[in-house]
1. Return R62, R43, R31 ranked ascending by Cβ neighbour count within 10 Å, so the fewest neighbours appear first.
2. Karplus couplings for segment 78-86 from phi (6.51 cos²θ - 1.76 cosθ + 1.60, θ = phi - 60°), rounded to Hz, Gly and Pro as x?
3. Show the residues, 5+ positions off or on another chain, whose built amide H is closer than 5 Å to the amide H of L44.
Amino acid sequence: MDNLDIIEACLMKKSLQTYTLKRQEKYYLWRYGVFLKHKLTCRLCDVVFSKDQLEAHHVLPRRLFPHLEFDINNGVPLCLKCHKKTYMKELLFVNLLTPYLEKQKQILDSIDKKKIKELIQKHYKRVFTLMKISRSKLSP
């Protein structure tokens, strides 16, 4: 298995996990609860949208905080345009979105900041390594 196959396998696994999650009843209940709680308002641009124009966003990413995956207090609605701004930069938006959350400040205060920083660095190091490998495969 070469590096390109590994990247492809990782992407397939990620999309399969996302597909499976979105099919779960818990996900729909969580999403609906987030929309109701925030009255269908995008929390970045502060505009009211229909539920078809919004996506539920995990403020603290699921991959780092799996125990908060279905916690309504860890979700905010974002319009499609604003949600795209957060792709691969979720952690940069945590401080911006935290004021809309009720108990996240307590959670963040209780977590070891050094450990969070290490997790973030580890995650992004892995992402950038995969990007370098894929670029080298595409280059002639």
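Coordinate-derived values only; no laboratory data. These figures come from a predicted structure and were not determined experimentally. Backbone-built Cβ (ideal geometry, glycine too); neighbour counts: all protein chains shown.
1. R62, R31, R43
2. 10, 5, 4, 5, 5, 5, 5, 5, 8
3. C79
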